[in-house]
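Enquirer: Got a structure here, written out as structure tokens. Questions coming.
The values are calculated or read from the model by the stated rules, or taken from the named source; none is laboratory data. From a predicted model like this one, the values you see are computed outputs, not experimental measurements. Glycine also receives a Cβ, built like all others from the backbone with ideal geometry; neighbour counts cover every protein chain displayed.
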Ligand code: GLY
Ligand code: MN
Ligand code: MN
């Protein structure tokens, strides 16, 4: 946990944004894996952690926007708990660690909420994403679980996004630590990627690196020779010479700040000519769109810089044809690049995505497109200093998508389908970095992770 002033300051800033009612933040509960006492790795809710810091279940935080009071609800441990879990600080002591003076037993929470409800005060809460949380909020607030999400507070969502989207120096330093762990994860994967080894051995090793640094992975490791499957969590292949491995993996610190990095490497350490040609296109899309990233620009523009580089490169490679600008405007590049350039990164790998992608990635000036591929941009809006985001272009040869677009006669003026057919065994390439938007431009966070052809090959062969 950070110093208590960090949490007091965050709550005080939230109080400046909302003037009436109360806000309720629940800690995540334990989640049962196969029976109640056998639980998944405990993951605190990111918003509770941001404002109330404590890394344990069994708490609720409440902020009164009119009186300015703050409360922590929770129960002191009983002797049975102490036998199994060891002694723990009291609720009052834990509250003091995050700058809160007022504590109450957890079962008093419902009375406080009912009192606020009967006096007509707004009870602001964020949309839950776990079933247990929907049930708990429903019981506390008098909704059916299925009604809870629809009653979440847009006022609180907007205020939380406004605060959390700008990362301060402490948060940036945490994310950089997470990127530095990812450096070790990715360089280890590069060195291990030899023919005959299984994807599972590499995935298990790099997940172990994240865990051994005291945190976790920021999302289930994506590691596959079938890189054309964008979020492939299956690790059953045995590595073969002549193929590439997409590794999309990051670390989450105990403070819950994340990294999210992708590298694509040749099995055995050397790209062949066909792989190198496509790799250089993705790398140019990544580097040029990073270089253009600056405050005041919309991230959607950066997406189209990447899409244009991909289209130019694929035209030079004979896979696309026609006028590049017209091809991008028509969306022809989405056959090969069917996702957005990136997303916000913070305490969630897709930061705050549970609050609604449109609430985080768009604003009143920037609305989501409806075109296939371009509609999937998680972040389109104007950039501000302090944003941390990912830059992750890719080129994929997805046999089912090539077949579909060809059968439908889509983009016949822009796609050389006969050549695309020959790449159905290619897989995919993605390159992903974590970027801070600064006052004047941008900075790639963390220790540089090899990404030029020469640097990846050198790391892989040593
Ligand atoms: N690792 C998931 C993503 O890159 O968005
Ligand atoms: Mn990723
Ligand atoms: Mn990402």
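Enquirer: Name the residue that is nearest to ligand 1 (Cβ to nearest atom), counting only residues in region 343-358 that are in contact (Cβ under 8 Å) with a residue 60 or more places away in the chain and over 18 Å from residue 171 (Cα atoms).
Expert: 354
Enquirer: Say we look at region 211-233 and pick out the residues that are within 15 Å of the chain's Cα centre (by Cα), within 12 Å of ligand 2 (Cβ to nearest atom) and at pLDDT 95 or above; which of these is nearest to residue 431 (Cα to Cα)? Steps first, answer last, please.
Expert: Initial filter on region 211-233 (within 15 Å of the chain's Cα centre (by Cα)): 216-222, 230-231.
Keeping just the survivors that are within 12 Å of ligand 2 (Cβ to nearest atom) gives 217-222, 230-231.
Still in the running and at pLDDT 95 or above: 217-222.
Details: 217: 18, 218: 17, 219: 17, 220: 18, 221: 15, 222: 13 Å.
Step by step, filter region 211-233, then rank; the result is 222.
For (1) away from ligand 3 (no atom under 16 Å from the Cβ); (2) surrounded by 18 or more Cβ atoms within 10 Å (Cβ to Cβ); (3) within 21 Å of the chain's Cα centre (by Cα), each residue gets a yes or a no:
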| site | (1), (2), (3) |
| --- | --- |
| 397 | yes, yes, no |
| 413 | yes, no, no |
| 430 | no, yes, yes |
| 433 | no, yes, yes |
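Enquirer: Another one. Tell me which of these residue 73 doesn't satisfy, since it passes every other one: (1) touching a residue at least 40 places away in the same chain (Cβ under 8 Å); (2) closer than 22 Å to residue 123 by Cα.
Expert: So residue 73 meets the others, but not (1).
Enquirer: Assuming residue 217 fulfils every condition listed in (1) over 15 Å from residue 449 (Cβ atoms); (2) crowded, with 24+ Cβ neighbours inside 10 Å; (3) more than 13 Å from ligand 1 (Cβ to nearest atom) apart from one, which condition is it?
Expert: In the conditions (1) over 15 Å from residue 449 (Cβ atoms); (2) crowded, with 24+ Cβ neighbours inside 10 Å; (3) more than 13 Å from ligand 1 (Cβ to nearest atom), residue 217 misses (3) alone.
Enquirer: Working carefully through the options 313, 340, 380, find the one that is crowded, with 20+ Cβ neighbours inside 10 Å, part of a helix (DSSP H, G or I) and either more than 16 Å from ligand 1 (Cβ to nearest atom) or in contact (Cβ under 8 Å) with a residue 12 or more places away in the chain (or both).
Expert: Working: 340 fails: part of a helix (DSSP H, G or I); 380 fails: part of a helix (DSSP H, G or I).
Residue meeting the stated conditions: 313.
Enquirer: Would you check which residues across region 376-392 are within 16 Å of ligand 2 (Cβ to nearest atom) and touching a strand residue (DSSP E or B) at 6+ places or on another chain (Cβ under 7 Å) and list them?
Expert: 379, 388, 389, 390, 391, 392 - these are the residues of region 376-392 that are within 16 Å of ligand 2 (Cβ to nearest atom) and touching a strand residue (DSSP E or B) at 6+ places or on another chain (Cβ under 7 Å).
Enquirer: What single numbered condition from (1) modelled with pLDDT of 95 or more; (2) within 15 Å of ligand 3 (Cβ to nearest atom); (3) farther than 18 Å from residue 185 by Cβ fails to hold for residue 294?
Expert: Condition (2) is where residue 294 drops out.
Enquirer: Within region 351-377, work out how many residues are outside any helix (DSSP H, G or I) and over 25 Å from residue 279 (Cα atoms).
Expert: Residues flagged as outside any helix (DSSP H, G or I) and over 25 Å from residue 279 (Cα atoms) within region 351-377 amount to 13.
Enquirer: Out of 373, 331, 361, report the one residue that is over 27 Å from residue 439 (Cβ atoms), within 16 Å of ligand 1 (Cβ to nearest atom) and either at pLDDT below 95 or touching a helix residue (DSSP H, G or I) at 6+ places or on another chain (Cβ under 9 Å) (or both).
Expert: Residue meeting the stated conditions: 373.
Enquirer: Right, something else. Out of region 153-197, which residues are buried (at least 18 other Cβ atoms within 10 Å of the Cβ) and part of a loop (DSSP other than H, G, I, E, B)?
Expert: Of everything in region 153-197, those that are buried (at least 18 other Cβ atoms within 10 Å of the Cβ) and part of a loop (DSSP other than H, G, I, E, B) turn out to be 153, 165, 167, 193.
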